[in-house]
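Each remark here refers to the structure printed beneath this line.
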Amino acid sequence: MKQKIAIILQNLGGPDSPEAVRPFLYNLFADPAILTYTSPFRQLLAWLISSLRYQKAKKIYEKIGGKSPLLENTNLQAQALKISLEKLLPESIVEVFLAMRYWHPFTHETVQKVKEFKPEKVVVLPLYPQFSTTTSASSLKLWQKLFKEKISQKTVCCYPVEPGFIKAYQDLIVQEIAKVPENLPLRLLFSAHGLPQKIVDQGDPYAFQVEQSVASIMGRTLSTYEHQICYQSKVGPLQWLGPSLEQSIEEAAKDKKAIIVVPVSFVSEHSETLVELDIDFKERAKSLGIPYYGRVPAVSTHPDFINGLAHLTLKYLTETVSDLKPICNGNYEKCWCR
């Protein structure tokens, strides 16, 4: 009898209609990993922020059809991963489930579906290559809280230098470089989602892992090109990781450089790539006289990325806990791999 294996793909989620924008924002800011205030102050603040921001957010989503494409994109990744895993595990029944943190399908909805599937083994796989307490940890904690079945379960905490992930980005970058007019000096801007500096100072390994990802992507293949790491999507008055993408674009304009933006922490297209990168920052670059603005797509269903996830999953299914240590900086001791 074939054993059943459940793969849980975790992601942020996104509003699936204009009416969903406000409750989505509330769910986001009500997460204690995002706002660290205690109850009921956190919920009150989340209600206030979502009330103040949702009209602006709705206008952002209007630019891409009124909703986030994240669910559709993640479904395509799940389908591709299932096909890849079925080739690697022909003697098993593999199902890939989606568990979103702030919108449907919510984690508690997915937990029920997985229980009905009755797997012998579970691998939890966040679609965040670089680990952060604000993203990966939040999703993983919720899954552990809700899924209490006494079965074999492994957790992938991060994969910032996974070979398939790295190779996929190298391929996509090379394709974009080929579009740049000859003789234009070029700078690659690796843009990651921002994070308040205080969270990094507390030991969060996210920025460290972003640096690892970029170093591996540049490698020998792209070593002759200028590059810079920058951050986007800052919210609120706190100091965030820098430089910002806007600052980096302004510097490139002063240096008369063509630029290619690489969304190094996003594996799926959503508002922060399709609106911020493809519309807002593209217009900003044009206004500053940037001679060429290119944007590398997210790795999405790139065969190298999907095959990399499949082999990573296989590794977690077959190796012992001691072999599965996350790649973190020296200040971060928590290990989510188990």
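Each reported figure results from applying straightforward, stated rules to the coordinates on display, with no laboratory input. Predicted model, so just to flag it, every value in this text is computed and none were measured. Using ideal geometry, Cβ is built from the backbone for each residue, glycine included, and neighbour counts are taken over all protein chains shown.
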Response to the item:
Checking Ile260, Ile306, Ile151 against a Gaussian network model of the chain (alpha-carbon springs below 10 Å), the top fluctuating residue turns out to be Ile151
Worksheet entry | Student exercise, region 18-62 dipole from Lys, Arg, Asp, Glu Cβ charges, in Debye to nearest 20 | 140
Practice prompt. May I ask for the net charge around Tyr54, where only other residues with Cβ less than 11 Å from the Cβ of Tyr54 are counted and Lys, Arg are +1 while Asp, Glu are -1?
Written response: +4
Item to complete: Report the net charge of residues surrounding Lys198, where surrounding means a beta-carbon distance below 14 angstrom and charges are Lys +1, Arg +1, Asp -1, Glu -1.
Response: -1
Worksheet, complete the sentence: One would report the antiparallel percent of DSSP beta bridges in the chain, rounded to the nearest 5, as 5
Worksheet entry | Size of charge dipole - region 163-295 - debye, nearest 20, with Cβ of Lys, Arg +1 and Asp, Glu -1, no other charges | 260
Fill in: Kirkwood Rh, angstrom, region 18-62 [1 / mean 1/r, Cα pairs]
10.5
Worksheet, complete the sentence: Scoring only Lys, Arg, Asp and Glu (+1, +1, -1, -1) among other residues with Cβ under 13 Å from the Cβ of Ala310 yields 0
Fill in: Between region 77-124 and region 1-52, the alpha-carbon center distance in angstrom
20
Item to complete: Pull out a ≥ b ≥ c, the square roots of the eigenvalues of the alpha-carbon gyration tensor of region 1-109, then state rounded if a/c is under 1.5, prolate if not and a/b is larger than b/c, and oblate in the remaining case.
Response: oblate
Worksheet item: In whole Å, what is the distance between the alpha-carbon centres of region 216-276 and region 148-212?
Response: 11
Worksheet entry | Cβ-based charge dipole, the chain, positive-most Cα from Ile151, Ala310, Tyr128 | Ile151
Worksheet entry | For region 163-295: span of alpha carbons on each principal axis (Å, largest first) | 45, 36, 26
Worksheet item: Pick the calculated Cα extents along the principal axes in Å for this structure from (1) 69, 45, 37; (2) 63, 48, 41; (3) 109, 71, 32?
Response: (2)
Worksheet, complete the sentence: When the charge dipole of region 18-62 is computed with +1 at the Cβ of Lys and Arg and -1 at the Cβ of Asp and Glu, the Cα pointing farthest to the positive end, of Thr38, Ala20, Tyr54, is that of Tyr54
Worksheet item: Using the membrane-span-like helix rule (whole DSSP H runs, Cα extent along the own axis of at least 24 Å, mean Kyte-Doolittle hydropathy at least -0.5), which helices of the chain qualify?
Response: 41-62, 70-88
Worksheet entry | Size of charge dipole - the chain - debye, nearest 20, with Cβ of Lys, Arg +1 and Asp, Glu -1, no other charges | 700
Fill in: Computed [θ] at 222 nm, deg cm²/dmol, the chain (DSSP H ≥ 4; -39,500 (n - 2.57); rounded to nearest 500)
-13000 deg cm²/dmol
Discussion item. Taking only Cα atoms of region 228-308, what ratio of Rg to Rh do you get with Rh as the Kirkwood inverse-distance radius?
Written reply: 1.00
Practice prompt. Output the peptides 312-319, 205-212 sorted from most to least packed, where packing is the average of other Cβ atoms within 10 Å over each peptide's residues.
Written response: 205-212, 312-319
Discussion item. Using the Cα centre of the chain as origin and beta-carbon charges of +1 (Lys, Arg) and -1 (Asp, Glu), tell me which of Thr107, Phe165, Pro263 is placed farthest towards the positive end of the dipole.
Written reply: Thr107
